[in-house]
1. Residues of region 47-71 being more than 22 Å from residue 12 (Cβ to Cβ), buried (at least 20 other Cβ atoms within 10 Å of the Cβ) and among the small types (Gly, Ala, Ser), which ones?
2. Could you please tell me which pairs satisfy a Cβ distance under 6 Å, a separation of 6+ or placement on different chains, a first residue in region 106-118 that is of a type in the set (Asp, Glu), and a second residue that is in a loop (DSSP other than H, G, I, E, B) and crowded, with 20+ Cβ neighbours inside 10 Å?
3. I'm trying to understand the selection: among the residues of region 47-70, which are under 15 Å from residue 159 (Cα atoms) and assigned to a helix (DSSP H, G or I)?
4. Out of curiosity, is residue 86 without any contact (Cβ under 8 Å) to a residue 40 or more places away in the chain and either under 20 Å from residue 124 (Cα atoms) or in contact with a helix residue (DSSP H, G or I) (Cβ under 8 Å, 6 or more places away or on another chain) (or both)?
5. Right, residue 190: in a strand (DSSP E or B), touching a residue at least 24 places away in the same chain (Cβ under 8 Å), surrounded by 15 or more Cβ atoms within 10 Å (Cβ to Cβ) and not charged (D, E, K, R) or not?
6. From the list 48, 11, pick out the single residue that is within 23 Å of residue 111 (Cα to Cα) and either in contact with a strand residue (DSSP E or B) (Cβ under 9 Å, 6 or more places away or on another chain) or modelled with pLDDT of 95 or more (or both).
7. Tell me which residues, restricted to region 109-162, are surrounded by fewer than 16 Cβ atoms within 10 Å (Cβ to Cβ), outside any loop (DSSP other than H, G, I, E, B) and among the polar types (S, T, N, Q).
8. Identify all residues within region 89-100 that are farther than 16 Å from residue 20 by Cβ, out of contact with any strand residue (DSSP E or B) (no Cβ under 6 Å at 6 or more places or on another chain) and free of Cβ contacts under 8 Å to residues at least 40 places away in the same chain; write none if there are none.
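The values are calculated or read from the model by the stated rules, or taken from the named source; none is laboratory data. This is a predicted model, so every value here is computed, not measured. No Cβ is skipped: glycine too gets one built from the backbone with ideal geometry, and neighbour counts run over all protein chains shown.
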Amino acid sequence: MTHYFSDNTDLPHNYKRIEFIYNNINFIFYSDIGVFSKSKVDEGTMVLLDVVNKEELKGKVLDLGCGYGVVSIVLKKSFDLSIDGVDINPRAIVLSKENSKRNKTSINYFVSDGFSNVVSMYDEILVNPPIRAGKKVIYKMFNDAYDHLNVNGNLWIVIRKQQGASSAINEISSKFSNCQVIEKKKGYWVLKATKY
């Protein structure tokens, strides 16, 4: 069985056009079978965007598990940032590149299993983790993020309360020695950990 958090290149295609308005900007995204939230921008992503949109995001940003590019493309339109987007799923990366061009943004997308192909350091890392991949996978993403953050860099996570937000806080705190709950909305928690 294939999942959105795997290489599912061999699946048939069924493209879907998604119109999304954010900050009074009209975005057009195309999704496909085999990518996360293929029919609409998911609630967790919207909650995360609402939080980070109020922040003074800075420097170089990584959209970890970028899917078809919603977070990175919206942020690029909102802030003057250098952004990379990575996903384990090659189909998601192809869609991200096409969506970036479609929305007139310049973002560097590439395939990576977590941080396996990531060599840069970042000031902000954002992730809506693939919960179904299991705690071992997502906790590795959180811990590896620490090693790819500059000092005073931030890790931003959106996670459902019922899908392990409390245990995620404990795991993140053990690596970062801090983890704040920035927002609780619609069953989602937005967490922030800073590398000191």
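1. The one that is more than 22 Å from residue 12 (Cβ to Cβ), buried (at least 20 other Cβ atoms within 10 Å of the Cβ) and among the small types (Gly, Ala, Ser): 65.
2. Cβ pairs passing all conditions: 113/88.
3. 47, 48, 49, 50, 51, 52
4. Yes, satisfied.
5. yes
6. Result of the check over 48, 11: 48.
7. Selection gives 150, 152, 162.
8. 94, the sole residue that qualifies.
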